[in-house]
1. Quick one: count up the residues across the range 128-157 that are modelled with pLDDT under 95, of a type outside the set (Phe, Trp, Tyr) and in a loop (DSSP other than H, G, I, E, B).
2. Just to be sure before I move on: is GLN57 assigned to a loop (DSSP other than H, G, I, E, B) and in contact (Cβ under 8 Å) with a residue 24 or more places away in the chain in the structure I sent?
3. Restricting attention to the range 81-95, does a residue exist that is part of a strand (DSSP E or B), open to solvent by 10 Å² or more (accessible area, probe 1.4 Å) and either on the phi > 0 side of the Ramachandran plot or of a type in the set (Asp, Glu) (or both)?
4. Does the range 174-181 contain any residue that is at pLDDT 95 or above, assigned to a strand (DSSP E or B) and closer than 22 Å to VAL67 by Cα?
5. If a residue must be surrounded by 10 or more Cβ atoms within 10 Å (Cβ to Cβ) and either basic (Lys, Arg) or on the phi > 0 side of the Ramachandran plot (or both), how many such residues does the range 49-71 contain?
6. Residue by residue through the range 153-179, note down the ones that are within 30 Å of ARG140 (Cβ to Cβ), surrounded by 15 or more Cβ atoms within 10 Å (Cβ to Cβ) and among the aliphatic types (A, V, I, L, M).
Amino acid sequence: MNSVKVLGAVAAVLVVSGCNTGQPRIWRVAYDTSRFVFVDNAQCYVSKRVPQARTAQSNYRRDANWVIWDGVSDANGRPKQYLDIGTPTFKLGDAPRVTVEDAIEGDAEQRSFVAERQVASLGPASCNASNFESCGQTVRNAIETRIGQVTVSWDAYNPASTGVIRINSTYRCVDNGAMLQDQCPQIIRMEQPATDAAECQVEVPFVARRIDVNQNTNYSNTGCDGPACGN
């Protein structure tokens, strides 16, 4: 068995005890990325059509070290936990990119962790010339909102565990006035929408193997996702 890797940068090193359930637990996790590489759902594309160009793959799995540790009970007496899955990025078709940046707070009894980030801005960039790529772009004053939600649900915390990771990406545009430049682009007016003006959800199962630890096993305050996690 490979030795446990120090996750991320060497900082805020914590001691992990294998016998104290209040201490962090480390899982080695794998899940299928093929549904993220190519999303076979027309709703996930601005054109509402599945692209003919595609990448197909089989038996590739993203591997990562995930860490769970216990928090304290909330005001209603429900115990909280925290899940660190590193900083993976998910791109679902044309929908806005979803990046995990922090640990996710969850319900210890339900073994469920849900995080959401909403980013509102003025836009989108628009251009009325025939060659959209080369013409000068102007920014509209409509209000765009991009919502990324990450849900991780565990079936159990057994040494060999399973669960589901669900990524939901949403784009919304709302008019911000009566003037044309304050309104969202309209296809019926032959206007170009934002390049990520789509909505998409992808759900994939994961498998996890708990890593046995002892009092000398260390990890930093950052989870790990990607090739660097394999040592």
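The values are calculated or read from the model by the stated rules, or taken from the named source; none is laboratory data. All values derive from a computational prediction rather than experimental measurement. Please note: Cβ atoms are built from the backbone with ideal geometry, for glycine as well, and neighbour counts cover all protein chains shown. Quick note on the areas: whole protein, heavy atoms, side chains included, nothing else; ligands and nucleic acids left out. Shrake-Rupley method; radii C 1.70, N 1.55, O 1.52, S 1.80 Å.
1. 9
2. In short, yes.
3. Yes, the range 81-95 contains a residue that is part of a strand (DSSP E or B), open to solvent by 10 Å² or more (accessible area, probe 1.4 Å) and either on the phi > 0 side of the Ramachandran plot or of a type in the set (Asp, Glu) (or both).
4. No; the residues of the range 174-181 include none that is at pLDDT 95 or above, assigned to a strand (DSSP E or B) and closer than 22 Å to VAL67 by Cα.
5. 3
6. Passing the criteria: only ILE167.
Yes or no, residue by residue, for (1) at pLDDT 95 or above; (2) among the charged types (D, E, K, R):
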position	(1), (2)
ARG49	yes, yes
VAL72	no, no
LEU92	yes, no
PRO96	yes, no
ALA120	yes, no
